[in-house]
Amino acid sequence: MRMLTREIEERIESGIPGSRAAVRDLTGTGDHFEAVVVAEAFAGRPLVARHQMVYGLFPEELRTERIHALKLTTRTPGES
Amino acid sequence: MSEDIQAKIKSEVEANPVVVYMKGTPMFPQCGFSAAVVGVFRELGVEFHAVDVLGEDGYRDGIKRFTNWPTIPQVFVGGQFIGGCDITREMYASGELQKMVEAAVAAKR
């Protein structure tokens, strides 16, 4: 069952307060996504921890592969 | 049993400077993200220990449990979990991966 980019953005933005998320469907099949997430909450954290913060918001979708792929770019507002 | 897999993974990542848990083998990757990670280490000219999670019973769930990370591939350098394909590529582009790999290989000599 497909997910919508807006659903993913909303889950990220409510799960990481103060964040902004822009999500793209990479294949048009509703299961391969790319998310660019900007959040002050990422400050001082290594990439693996940042990605975990986002992945942790979708445990069931990732476990069942309703989300098959979620490519992440994670930045603080100050990072390019 | 699942605890055996956890112990096996722990010893694998401690014994080898670079370990890649992937779908398929370096010669025949079964997924684009796994292939990309293999490509990065080939580009670096670094030897890595590859585990095909599709080929070994219990590994696919075992490695996800070990790292509390939901996807494959998973990359370890110097015994430390660094992440999946996106992170590996990002660290390669920044030069951070090369430094980590050099330190890990030197530590094993």
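A few comments on the model shown:
- Considering only A:36, A:48, A:23, the mean-square fluctuation computed in a Gaussian network model of chain A, springs between alpha carbons under 10 angstrom, is largest for A:48.
- Taking every DSSP beta bridge that has both ends in the protein assembly as shown, the antiparallel portion is near 55%.
- Computed from label points 7 Å out along Cα-Cβ, the spacing between residue B:54 and residue A:6 is 3.6 nm.
- In this Cβ point-charge picture (+1 for Lys and Arg, -1 for Asp and Glu), the protein assembly as shown has a dipole of about 220 debye about its Cα centre.
- Charge tally in the Cβ shell below 12 Å around residue B:50, where Lys, Arg are +1 and Asp, Glu are -1, residue B:50 excluded: -2
- For chain A, built as a Gaussian network whose Cα springs stay under 10 Å, the top-fluctuating residue of A:28, A:15, A:56: A:28
- Under 17 Å from the residue A:60 label point (7 Å along Cα→beta-carbon), backbone N, segment A:6-50: A:7-12, A:15
- Radius, Kirkwood style, for the protein assembly as shown when every pair of distinct Cα atoms is counted (Å): 17.2
- Checking the cross-link pairs B:23/B:108; A:71/B:10; A:71/B:64; B:10/B:64; A:71/B:108 against a 23 Å limit on the alpha carbon distance flags B:23/B:108; A:71/B:10; A:71/B:108 as lying beyond it.
- Check: chain A dipole with +1 on Lys, Arg Cβ and -1 on Asp, Glu Cβ, in debye: 140
- Measuring max minus min along each principal axis, the C-alpha atoms of segment B:9-60 give extents of 29, 24, 14 Å (largest first).
- Sequence-distant contacts, meaning Cα pairs under 8 Å at least 6 residues apart, place the relative contact order of chain A at 32 percent.
- Euclidean distance of C-alpha centroids, segment A:6-68 and segment B:1-69, integer Å: 24
- Segment B:56-109: relative contact order in percent, alpha carbon pairs under 8 Å with at least 6 residues between: 24
- GNM flexibility winner over chain B from B:95, B:39, B:24 (Cα, springs under 10 Å): B:95
- Considering only chain B, percent of DSSP beta bridges that pair antiparallel, nearest 5: 65
- Chain B: mean projected area of Cα convex hull, nm²: 6.2
- Efficiency of FRET between residue A:43 and residue B:90 - r from beta-carbon atoms, R0 22 angstrom, step 0.05: 0.85
- Cβ-Cβ distance of residue B:103 and residue A:76, R₀ of 22 Å, FRET efficiency by 1/(1 + (r/R0)^6): the value works out to about 0.25.
Values quoted throughout were computed directly from the atomic coordinates according to the rules given, and no laboratory measurement underlies them. Remember, predicted model here, so these are calculated numbers, not experimental data. Here the Cβ is made from the backbone with ideal geometry for all residues, glycine too, and neighbour counts use every protein chain on show.
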